[in-house]
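The values are calculated or read from the model by the stated rules, or taken from the named source; none is laboratory data. Everything numeric here is computed off the predicted structure, so don't read it as measured data. Cβ placement follows ideal geometry from the backbone for every residue including glycine, while neighbour counts extend to all protein chains displayed. What goes into the accessible areas is simple: the full protein's heavy atoms, side chains included, and nothing from ligands, DNA or RNA. Shrake-Rupley method; radii C 1.70, N 1.55, O 1.52, S 1.80 Å.
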Amino acid sequence: MIRLADVTYRYPRATVPALDGLSFEVSTGQFCAVIGANGAGKTTLCSALAGFVPQFYRGTITGSIEVAGLNVVESPLADIAGTVGLVFSNPFNQITGARFTVRDEIAFGLENMAVPVAEMEPRIEEIMRFAGLEGLADRSPFALSGGQQQRLAIASVLVMRPKVVVLDEPTSQLDPVGAKEVFSVLRSLATTAETTVFMAEQKLEWVAAFADRVLVLHQGKLVADGPPGEVLASPDLGRYGLQPTRYTQVARAAQLAGLRSADTPLPVTLEQAVEFFN
Amino acid sequence: MNLVIDDVGFTYPGGAEALRGVSLRIQGGESIAFIGENGAGKTTLMKHLNGLLKPSRGRVTVDDWDTREHTVAKLAARVGFVFQNPDDQIVERTVIDEVAFGPRRLGQSETDALANSVAALEIVGLSDESRTHPYDLSASQRKLMTLASVLAMRTPVVIFDEPTMGQDARGLKLIGDIVEELKREKRIVLIITHDIDFCSAHFERVVAMADGRVLIDGPTAEVMARADLLATTNVEPPQLVRLAQALGLPVAPLTIDGLIAALPR
Amino acid sequence: MSQSFSLYIPTNSGMHRLHPLTKLALVFLCLVLGLFLPGVWLSYATFALIIIPSALWGGVLPRLLSALFKTALPIALSLFLIQGLFWPGGTPILHLGPLSFKEEGLYFSIQRTGRFIMIIGSFLLLTFTTRPDELMLALNRHGIPNSITYIILSTMQIIPRFQAKANTILDAQRSRGLETEGNVLVRIRALLPLIQPLLLGSIVDIDERAIALEVRAFGRKGPRTSLLTLHDTPAQRIARWLMLLAAVAVIAWGIYLWLAPRFIA
């Protein structure tokens, strides 16, 4: 569903590449998280999957990127929209300003795709329930809190039913419970609707609990790739400017203190940690 | 230095009641984290401490100053406030001037203003960037610069609004170190945060807010142990506390060592 | 409708339910009547016989009159005083000590005030009773490009956000000791640290919003659908054509009246 072959990209006037020789594939219905320190290239990678790098930001790119059967480096952005959804982290700037109510804001993408009104209405109802926006349909999108706006941004993209949804730190404004809810919505989307989810995130506890696979970027390079249990428990994480979850840290400390066997695999989630200590 | 919030109520001009009777006493040297879901009233309360908002009822005093009787610019000498979005404040062409903006406005001598700014940049790890244009910094560096711009004001009270948002492990550690340094200097450190693990690692007292009121107020370990109450304001206890609870341990550990110590041998 | 720079008053009157273009045609006819025909009283008649009854029907008459009073009164007063007293070489009809009101000046003031009332009145009538998004949709369907209606709609919503952002920036600067309360000089000096973050921040916003629009297939060619529905009736369609024809006739008559004396001379 996503296929990158030897992708290297430089922003205009940049000397160092923001993406450096990236090659990987993500299959249909997979929930793939990408993590890394600030400046590692996560945002650039997300923009590239939706075609905005290089089509909007310019710069030079080599290699090939194919998403949902589209060559996103060259396909017109208008053709990519609807097939590849992009959610980024500043929720306020994702409100189009073209519509006056939450319901109409969600409808905007569908209207542009010429979805019939009869089909639009149930889809909007469904996505509002899914994103926890019930009761806000007639509010102005600009009158919502940051967290609500972030849910609206996600809903407005998901309602278009993209085959691949790319999200760049979409939970930054949400409180902890709200962030967890977003992860769980995306998880069920990947499982039940076969939507491929590609998400850049800092909240490793939820990455560990919900993602199928984790990529680690470091200075534009792909340095680790595997299931969360493997990648997030790796002793290399610190080298890439990342801190493992407390569950991993405390388990490692217990091993070092000789309280637990050094052979037991380290936990990355709460459930695994409970198992590890019992 | 002490802060007294006495039965403060606040209603926004549009009619939204954001605070419904909050009372708190804060002593010199205390470090307090304010937690709670979006819209609980945390930011509204903090804006009362430097006079950006004046109470609709009740009283806020910073030492002997009633905030109603002083301008924000004047209160800024006592209460420093680090805003969430760095781009809302950048006015100068170099990082060092941007950091010195506050100290100069407060009437510090040019020598002091520069010395304090240099020291603040050192603390946030941006010494090498002092001649850089603020907009040439990365987003997370700009955030650290805003932090420095308030530290350089050398106020007895420092308020941070979501300082860890968008920071990676290195940034988190840096901000944690800054908080520790301010605590050592016996300044009052207040933080608004959703990052519950950060707050349990660095703050002695926690105030959980919900719906414009104080839900719980107490030593961090005590507050974090109240998963039932925290859940009502959309907050989950820190990972270590949840693990201890899931393991049935009778403690609410705030550190890894604390949890290790509580494990049955 | 809150948080938008829109004067729309959401009630459910017959006037509100009219197709936006019907209201636009009505307003157009009013403007033509008031502006293209000579004479003093026609704009007052248009106002009294068309705008007032329509506003009454729409349930917005008190709001319309009060808004009109606030804008028109100062202008009317200054017109009467300046043009009435200082009309060069006019015929004096009322003496006030050394000054006198001139007939021609008063005549001119009455005419201009009438036109002003009529123009503002019809604009208020339209905006009070018409949802901006419905008006823009109606225009889209009659060949006005999406990009133009988008600019109008988004501006209506961005202006209040711009004000909110300006307030946040001002808060951030005051918190760093920038004095904004005091005399005019202090206030002017406070403007500079406000404008730069406002402008630079807006550039970033524009970039991101352009991406958000692309993501939502705004750039896609071909037909679109709309969740908003516009109710139209054959009677309204006929009324629109009649009003347009009437407006064209009035324009033609006005041009004739204007040209005729020149040809005869």
Within the range B:1-49, considering only strands (runs of 3 or more DSSP E) that don't extend past its boundaries, which have at least 2 residues that are on the phi > 0 side of the Ramachandran plot and under 19 Å from the mean Cα position of the chain (by Cα)?
none
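Does C:Leu194 satisfy the criteria of being touching a helix residue (DSSP H, G or I) at 6+ places or on another chain (Cβ under 8 Å) and at pLDDT below 85?
Values: touching a helix residue (DSSP H, G or I) at 6+ places or on another chain (Cβ under 8 Å): yes; at pLDDT below 85: yes.
Yes; evaluated as a whole, the condition is true for this residue.
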Filter the range A:137-155 down to residues that are without any contact (Cβ under 8 Å) to a residue 40 or more places away in the chain and in a loop (DSSP other than H, G, I, E, B) and give me whichever is nearest to the chain's Cα centre (by Cα).
A:Ser145
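Restricting to the range B:152-162, give me the number of residues that are outside any strand (DSSP E or B) and at pLDDT 95 or above.
Residues of the range B:152-162 that are outside any strand (DSSP E or B), as a first pass: B:152-156, B:162.
This time we only want the ones that are at pLDDT 95 or above, so: B:152-156.
Within the range B:152-162, residues that are outside any strand (DSSP E or B) and at pLDDT 95 or above number 5.
Report the residue count in the range A:191-214 for those that are surrounded by 21 or more Cβ atoms within 10 Å (Cβ to Cβ) and within 18 Å of A:Thr171 (Cβ to Cβ). Break it down stepwise before answering.
We begin by selecting, within the range A:191-214, every residue surrounded by 21 or more Cβ atoms within 10 Å (Cβ to Cβ); these are A:195-208, A:210-211, A:214.
Checking the rest, the ones that are also within 18 Å of A:Thr171 (Cβ to Cβ) come to A:195, A:197-208, A:210-211, A:214.
Residues in the range A:191-214 being surrounded by 21 or more Cβ atoms within 10 Å (Cβ to Cβ) and within 18 Å of A:Thr171 (Cβ to Cβ): 16 in total.
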Of everything in the range C:8-30, what is within 15 Å of C:Leu244 (Cα to Cα) and polar (S, T, N, Q)? Give them in sequence order.
C:Thr22
Having 2 or more residues that are buried (at least 20 other Cβ atoms within 10 Å of the Cβ) and in contact with a strand residue (DSSP E or B) (Cβ under 9 Å, 6 or more places away or on another chain) is the bar; report the helices (runs of 4 or more DSSP H) wholly within the range C:15-131 that clear it.
C:61-86
If you scan the range B:1-37, which residues turn out to be among the polar types (S, T, N, Q) and over 25 Å from B:Val235 (Cα atoms)?
B:Asn2, B:Gln27
Among A:Arg10, A:Arg58, which is of a type outside the set (Ser, Thr, Tyr) and closer than 19 Å to B:Ala139 by Cα?
A:Arg10
Leading residue by the ranking (farthest from B:Leu49 (Cα to Cα)) among those in the range B:107-133 that are surrounded by fewer than 21 Cβ atoms within 10 Å (Cβ to Cβ) and within 12 Å of another protein chain (Cβ to nearest Cβ):
B:His133
Of all residues in the range B:254-265, which are facing chain A (nearest Cβ under 9 Å) and not in a helix (DSSP H, G or I)?
B:Leu263, B:Arg265
If I filter the range B:149-165 down to residues being buried (at least 22 other Cβ atoms within 10 Å of the Cβ) and among the polar types (S, T, N, Q), which single residue comes out as farthest from the other protein chains (Cβ to nearest Cβ)?
B:Thr155
Can you confirm whether C:Ala212 is touching a Gly at 6+ places or on another chain (Cβ under 6 Å) and under 25 Å from A:Val164 (Cα atoms)?
no
Identify, by number, the condition in (1) touching an Asp or Glu at 6+ places or on another chain (Cβ under 7 Å); (2) within 27 Å of C:Leu153 (Cα to Cα); (3) away from chain C (no Cβ under 13 Å) that A:Leu152 doesn't meet.
(3)
Does the range C:146-187 hold any residues that are at pLDDT 90 or above and open to solvent by 60 Å² or more (accessible area, probe 1.4 Å), and which are they?
C:Ile148
Looking at A:Asn38 and the list (1) within 14 Å of chain C (Cβ to nearest Cβ); (2) under 16 Å from the mean Cα position of the chain (by Cα); (3) assigned to a loop (DSSP other than H, G, I, E, B), which single condition is not satisfied?
(1)
Which one of the conditions (1) outside any helix (DSSP H, G or I); (2) at pLDDT 95 or above does A:Tyr247 fail to meet, given that it meets all the rest?
(1)
Suppose we filter the range A:156-190 for residues that are closer than 21 Å to A:Val115 by Cα, within 11 Å of another protein chain (Cβ to nearest Cβ) and either open to solvent by 30 Å² or more (accessible area, probe 1.4 Å) or within 14 Å of the chain's Cα centre (by Cα) (or both); how many remain?
3
The number of residues in the range C:209-233 that are at the interface with another protein chain (Cβ under 7 Å from one of its Cβ atoms), open to solvent by less than 50 Å² (accessible area, probe 1.4 Å) and outside any loop (DSSP other than H, G, I, E, B) is 5
Say whether the condition of being surrounded by 21 or more Cβ atoms within 10 Å (Cβ to Cβ) and touching a residue at least 60 places away in the same chain (Cβ under 8 Å) is met by at least one residue in the range A:52-70.
yes
Quickly run through the range B:84-106 and pick out the residues that are facing another protein chain (nearest Cβ under 8 Å), within 18 Å of the chain's Cα centre (by Cα) and surrounded by fewer than 24 Cβ atoms within 10 Å (Cβ to Cβ).
B:Asn85, B:Asp88
Criterion violated by A:Thr43 - all others in (1) within 14 Å of chain C (Cβ to nearest Cβ); (2) among the hydroxyl-bearing types (Ser, Thr, Tyr); (3) part of a strand (DSSP E or B) satisfied
(3)
Just to be sure, is C:Gly143 facing another protein chain (nearest Cβ under 9 Å), out of contact with any helix residue (DSSP H, G or I) (no Cβ under 8 Å at 6 or more places or on another chain) and among the small types (Gly, Ala, Ser)?
no
